[in-house]
Each structure stands twice: as C-alpha cells, then as structure tokens.
Amino acid sequence: MMLDVFEKIGRRALFCLDPETAHGLSIKALKAGLPVAKSPRYDERLRTTVAGITFDNPLGMAAGYDKNAEVPDALLALGFGFTEVGTLTPRPQEGNPKPRIFRLPEDRAVINRLGFNNGGHEAAEGRLAGRAWRAGIVGVNIGANKDSTDRIGDYELGVRRFASLAAYLTVNISSPNTPGLRDMQARASLKELLSRVVAVRDQATRSAERKVPIFLKIAPDLHEADLGDIAAEVMENGIEGVIVSNTTISRPLLKSAARGETGGLSGHPLFERSTIALARMRRLLGSHIALVGVGGVEDPDTALEKIRAGADLVQIYTGMVYAGPALPGKIVQGMSRYLDREGITAVSELRDSRMAFWADKPL
C-alpha cells in the first residue's frame, strides 16, 4: 500500500517535468535501486519458449527506454520476462534537436522524434559484458547512424559486437525518425540486409553452442503487399522472429494539444493498427516463427489480446509512462488471474485464437 502511494506521488512529480528529463530521472531511480515496484509471483503457466529461448513470462520491456543498457537487471526485477536495450548505433549520436518527446495524456499516447540518441556500441558493450554472469533475458536492438555511408555495414557491426552478449538481436529498420531508414523494409534492400546480418551472425557464433536469434522490427505503416514481401524474406533468410511494431506516422483522431507534433506515435491509439499488422504477419509466416506484439499494450487485457492475435511475446513502453513502474507486475498478475478463471494450463494455448478476427480487419 505504501509503495502504491509513493508511486502515485512520484508519477505526479515526474509529470511536472518535461518528458525527457522525467525519463532520465526514472533511469537514475532504477540505477539507485529505489523500491519503485514489487515483482509479481512466478507462475509456471506463463513460461514461454520461442526461438530457442525460455522466458519466465511473455511480457517484455520494449527498446527505447533503456537505450544505453544501463538498467536491464533493474527492469527485470519489476516483473518483466525479458527486456530489450537500445537502439544502439556504432558511434554515439545526439539524436534530433529537443524538445523531441511529447505526452498526449488525453489519448494515453506519446509522440517522439528522438532519432536513435545513444552512447554507441562501445559503452553499451562494457555494461553488458559486466552483467554476463547474471540470469535474465536481455535482447539488444541495433540500428544505423544517421550519417552512415553504409547502413547495412552498421548492422553488421552491431551483430559482431553483441552476438555473444545478447539473448537475441533485433534489427531495427522501422524508426520513422531517421530519414530513409524505413526504406530498408523494401524487398530488395531487405534481402541484402538480412542475408548479410545472418552471414555475420553465423560467422560470429560459429564456435558457440548456439546461434543468437535475430528478430526484425517493422513499422505498422505497411500495406498488405509490403507485409508479404517482408514475410517472404524473413522465411528465406532464416530470421527467427519479427517484432510488430514500431511507432506509427499515421494520425488517428487525437485530442491532446501535442497531436500535431512530428514523429512516431505510440500508446493506446496504436493498438488496433499494430494488432492487425501482427495478425496478418502471423497468417503469412505460419506457426513456427516467433512474433512479438508491441503497440498500445497497457493492461492484462491488451497484452492477452496481442497473444490471441498471434503474438508469442508482448512488449510495453508507453503504457508505463501513464501507469508507472508497477504496470509490468500488474499485467503479469492479471494474466495469471485470467488463466485461473478460465482453467487454462499455459498462456501459449491462447495464441492465434483470434488471429483471423484481427487479420481480416482493414489496415
């Protein structure tokens, strides 16, 4: 009870600050080990195995929060089954000019145009190497520098650097805030990108006991033909998973004052579009390739609906902006309560049960 009070007071205080300052303070609080939330009870029924990895539960922290791999273990302690750090680029970069994050409270949404601001590969590598002995699943999200003359080469560098340190690697070509990056989702570009990163992954892990899985993160602003091309290249190149999706450049009906800001929209308004794209990708890929559902997850119901639509795993970020650090625990506990009520023995039994419903909706 006292922790809930502190959480509410803390969240109110953070909302008095600009979003980027508030984000920085939340990272500092996690670094300091402050008791920001309580971990949920472990539930065997939530264990999920995909791409050769077993997750204690299917809920993860999306990339974008812990950009520089500063607090992965503190995030896992909140109840997440996994966390994803980054996006990391080979060289440090400042990102786009400030202000570049905007809360849309009436819409339970955020618009950002950060532009892959991060401290680069070297600094993150040192932090991840320092936690290599610890348990917990940490994925690494890699990207390209804005001014790179060889963007595919940047992704190859990321694979080489983090293949031995990551539970999985995410190739992020879906941010709307790096000019031209989403063009890499076109089939010819994607073919070259995926074939090259897979070759580097195979070379980097040749002597290891396992090949680190590669996930591809895509945008929600894709047409049916685009999804088909992506699915074909994912299968042809042996990519182990797809993350659906990043933020959207579309603008559904919004109420908040910042609704006209440029950048990617995340949060509640993204749920429907991203879930349709997720279900269509599941229909295209079949049952064996891992899918991670992201976009508008803010409670147990939305998390479970992503799984019904075809997700093996689910990620959140914007939901925590509004619900605070107790949200992962509440979602995981809510999943367990749902399984209790319905007499379900494994959360994976729900997967695809509403895939057709979502896949048949218009994008």
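The values are calculated or read from the model by the stated rules, or taken from the named source; none is laboratory data. This is a predicted model, so every value here is computed, not measured. Cβ: placed from backbone, ideal geometry, glycine included. Neighbour counts: every protein chain shown.
Summary table below
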quantity: Filter result (out of contact with any Asp or Glu (no Cβ under 6 Å at 6 or more places or on another chain), touching a residue at least 60 places away in the same chain (Cβ under 8 Å) and not in a loop (DSSP other than H, G, I, E, B)) within the stretch 49-59; calculated: Ile53, Phe55, Leu59
quantity: From the options Leu254, Leu216, Leu194, Leu265, residue that is buried (at least 20 other Cβ atoms within 10 Å of the Cβ) and farther than 24 Å from Asp154 by Cα; calculated: Leu265
quantity: The stretch 152-190: number of residues that are in a helix (DSSP H, G or I) and at pLDDT 95 or above; calculated: 12
quantity: All positions within the stretch 28-71 that are buried (at least 17 other Cβ atoms within 10 Å of the Cβ), more than 23 Å from Ile289 (Cβ to Cβ) and among the aromatic types (Phe, Trp, Tyr); calculated: Tyr65
quantity: Ser353 in contact with an Asp or Glu (Cβ under 8 Å, 6 or more places away or on another chain), surrounded by fewer than 18 Cβ atoms within 10 Å (Cβ to Cβ) and not in a helix (DSSP H, G or I); calculated: no
quantity: Residue list for the stretch 89-114, filter: touching a Ser or Thr at 6+ places or on another chain (Cβ under 8 Å), crowded, with 19+ Cβ neighbours inside 10 Å, of a type outside the set (A, V, I, L, M, F, W, C) and under 18 Å from Leu17 (Cβ atoms); calculated: Arg103, Asn112
quantity: Residue pairs meeting the criteria (Cβ under 6 Å; at least 6 apart or on separate chains; first within 24 Å of Val50 (Cα to Cα), in the stretch 298-327; second surrounded by fewer than 24 Cβ atoms within 10 Å (Cβ to Cβ) and basic (Lys, Arg)); calculated: Ile307/Arg351; Arg308/Arg354; Ala309/Arg354
quantity: Residue satisfying all of: in the stretch 268-327; of a type in the set (Lys, Arg) and surrounded by 24 or more Cβ atoms within 10 Å (Cβ to Cβ); nearest to Ala63 (Cα to Cα) among these; calculated: Lys306
quantity: Residue among Arg91, Arg12 that is at pLDDT 90 or above, outside any strand (DSSP E or B) and more than 21 Å from the chain's Cα centre (by Cα); calculated: Arg91
